[in-house]
Amino acid sequence: MNIKNLVLKRLFPAGYALAMAALLPLSAAQAAEAKTEKPKPYPLKTCVVSGEKFGGDMGDPYVFTHQGREIKLCCKSCLKDFNKEPAKYIKKLEEAEKAAKDKKAGGSTSPGQSGHAGHDGHKH
């Protein structure tokens with residue numbers, strides 16, 4: 001048996017096993033980290049596909065995660081439609097998030113008032 005065959009048959013498998021064993025804890029750590037990341041919360045009180053309110057006759061919503069985002073549907077049947085055009089429904093969710101953020105940032109200021117309500121005309 002020549003040296004090349006010896007290396008390939010005996011040493012290579014051992015080296016390969018050691019390399020894989022060294023990488024295994026890293027991938028396990030990455031998997032654990034991915035599990036601890038919370039998905040972006042669902043911003044609506046209705047199904048993004050059908051517009052139906054959650055609860056009632058349909059029962060609890062069907063909840064899943066899509067690309068790091070929590071998705072709630074009124075029923076599992078809506079999943080088929082969601083999967084046909086996920087970008088369409090994600091866009092609806094992003095618009096709802098933006099509207100909620102804009103509403104929250106606007107606070108209770110009435111039209112024609114500057115700053116926050118009741119403080120028009122004086123400085124802080």
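We did not get these values from a lab; they are worked out from the coordinates using the rules stated. Treat the numbers as computed from the prediction; the structure is a model and nothing was measured. All Cβ positions, even for glycine, are placed from backbone atoms using ideal geometry, and neighbour counts span all protein chains on display.
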| task | Give, as ranges by residue number, the residues of the stretch 54-88 whose backbone N falls under 17 Å from the point 7 Å along Cα→Cβ of residue 99. | result | 54, 72, 88
| note | Ranked from fewest to most other Cβ atoms within 10 Å of their own Cβ, 71, 90 fall in the order 90, 71
| note | When 63, 49 are arranged by how many other beta-carbons sit within 10 Å of their Cβ, fewest first, they go 63, 49
